[in-house]
Amino acid sequence: MKQFLSITELAAATGLEESLIRFYESEYAGQLPEKILRGNSLFFHPQAIAAFQNVHARHGERSGSGDGAVVERHGYARVIAVSSGKGGVGKSNLALNLAIEFQRLGKMALVLDADLGMANIHLLAGIQPRYTLKDLIDTQLPVSDLIADGPAGVGIIPGGAGILALADSTASERRRMLSAMEVMEQNAQVIVVDTAAGMGVGVRDFLKAADEIILVLTQDLTSLADAYGLLKALQQEGLSRPVYSVVNMAISLKQAAGVAVRFANCASQFLGLQVQNVGYVMRDSSVGAATARRTPLNVFAPNAKASKNIHNIAVALLRTGDEKIKMNSAFQRYMNLLKEKEGSEKVAMKG
Ligand SMILES: Nc1ncnc2c1ncn2[C@@H]1O[C@H](COP(=O)(O)OP(=O)(O)OP(=O)(O)O)[C@@H](O)[C@H]1O
Ligand SMILES: [Mg+2]
């Protein structure tokens, strides 16, 4: 039996969510290998991985050229995780201000505060959230109540003991959280996730599931070494998503470009990974001044250098995104990853 895959394993291997696999199964049975029913569970031949991916690619193309209404209902937001090797390099500022720029560029944008230790997006945005993700699990709170109205129309999802604590939660708590996150993914176009720095496994699992990762670098050597360490760990765990760099607190374009190129060269030479630079942010005293006033930088000082730099990064990111409608959910992938891990831990404990 072992060479066959359960639906969860197939979902993990293809990156498709289980509901989508079931949907393709009913729509495209003729194009997929025979499956096997044992008891109440379905099992799939290993060839099903490639077959489902083919069906998915073709289905995506068709809905991309089809009518807008279908696209709106089924698409998922781009989930962009902002991370770094070292703390204090400017992730939270970048995440919030990027989301605001996306919003100004006409995208429905949310920022999710997933930094468990030091959740502070709401402080930077000057809002006092009523609920956090934890309330969603503990109560029957509707998802929309969780999204706080941020500056410039951006939605803010306060973390609390939130999404990255899911590794320790029960199956039903996870299902609730997942369905909430999927509603958000289906209603937003971009979700920027502010993560904690560093090497925590929880953070890495989330980074692997996100659609894209932005690594925030500074010219400081430890920031570069730690970012490299994080990337290496991700690569060893099978990272397959695009990684971008942003150089923060730069003192000149020349210096920022030097940092970005050196990092990309190391990643390519030693890890075989392409890290595309999507911009830099100058060191700018307006950043601290904005924080002191609990106002996001690009609301407090829209003409400051750093604000313009972040605007350019948002534009660059919108250019790099392909126009195809995203048919799978990053949060579903995250759940699949957690489930897969639990499965292998159980096997290891038995063995
Ligand atoms: N471009 C910049 N110019 C000047 N100061 C900056 C810049 N970007 C960030 N800072 C300052 O650096 C400090 C850290 O910023 P921020 O909190 O955004 O970093 P972080 O990576 O999220 O930190 P943590 O790892 O603690 O979550 C803050 O004091 C912020 O004002
Ligand atoms: Mg932070």
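Distance in nm between label sites at ALA171 and HIS45, each 7 Å beyond Cα in the beta-carbon direction?
If labels sit at ALA171 and HIS45, their model points lie 2.9 nm apart.
Calculate one ³J(HN,Hα) per residue across the range 300-313 by plugging θ = phi - 60° into the Karplus curve 6.51 cos²θ - 1.76 cosθ + 1.60, and present them in order as whole Hz with x for glycine and proline.
Going residue by residue, I get 5, 9, x, 9, 5, 3, 4, 5, 5, 4, 5, 4, 5, 5 Hz, with x marking Gly and Pro.
Take the Cβ-Cβ distance between ILE251 and LEU221 as r, set R0 to 22 Å, and report the resulting FRET efficiency rounded to the nearest 0.05. Display every interim value, and only then the final one.
Numbers: r = 15 Å, r/R0 = 0.69.
The computed FRET efficiency comes out at 0.90.
Please report the base-10 log of the normalised intensity I(q)/I(0) for the range 201-308, using a Debye sum with one equal scatterer per alpha carbon and no solvent, at each q in 0.14 (1/Å).
-0.62
Can you put HIS59, HIS122 in order, fewest other beta carbons within 10 Å first? Walk me through the intermediate numbers first.
Values: HIS59 17, HIS122 21.
By the 10 Å Cβ count, ascending, the order reads HIS59, HIS122.
I need the P(r) histogram for the chain: all alpha carbon pairs, bin width 20 Å from 0 out to the longest distance, whole percents.
Each 20 Å bin holds this share of Cα pairs: 29, 58, 13, 0.
Taking 0.36 nm per residue of separation and subtracting the Cα-Cα distance, what length does fully extending LYS35 through LYS341 add? Before the final figure, lay out the partial values.
Numbers: separation 306, 0.36 × 306 = 110.16 nm, distance 2.43 nm.
My answer for the length gained is 107.7 nm.
Which order do the peptides 246-259, 225-238 take when ranked by the mean count of other beta-carbon atoms within 10 Å per residue, highest first? Write down the numbers at each step before the final one.
On the way: 246-259: 18.9, 225-238: 17.1.
In decreasing order of mean packing, 246-259, 225-238 become 246-259, 225-238.
Please get the size of the charge dipole for the chain, origin at its Cα centre, with Cβ charges of +1 on Lys and Arg and -1 on Asp and Glu, quoted in debye to the nearest 20. Kindly include the intermediate steps, with their values, before the conclusion.
Values: 36 positive and 33 negative charges, 127 e Å.
For this selection, approximately 620 debye.
Please compare each pair in LYS232/LYS254; LYS308/LYS339; LYS232/LYS326; LYS134/LYS305; LYS35/LYS232; LYS86/LYS254 to a cut-off of 31 Å on the Cα-Cα distance and tell me which ones are over it. Could you put the intermediate results ahead of the total?
Details: LYS232/LYS254 26 Å; LYS308/LYS339 42 Å; LYS232/LYS326 27 Å; LYS134/LYS305 37 Å; LYS35/LYS232 37 Å; LYS86/LYS254 23 Å.
Listed pairs above 31 Å: LYS308/LYS339; LYS134/LYS305; LYS35/LYS232.
For the residues HIS311, HIS45, what sequence is obtained by ranking on other C-beta atoms within 10 Å, fewest first? Present the calculation step by step, with values, prior to reporting the outcome.
Details: HIS311 19, HIS45 16.
Ranked by crowding around the Cβ, least crowded first: HIS45, HIS311.
Every read-out reported here was derived from the displayed coordinates using simple, explicitly stated rules and does not represent laboratory data. Owing to the predicted nature of the structure, the values given are computational and were not obtained by experimental measurement. Using ideal geometry, Cβ is built from the backbone for each residue, glycine included, and neighbour counts are taken over all protein chains shown.
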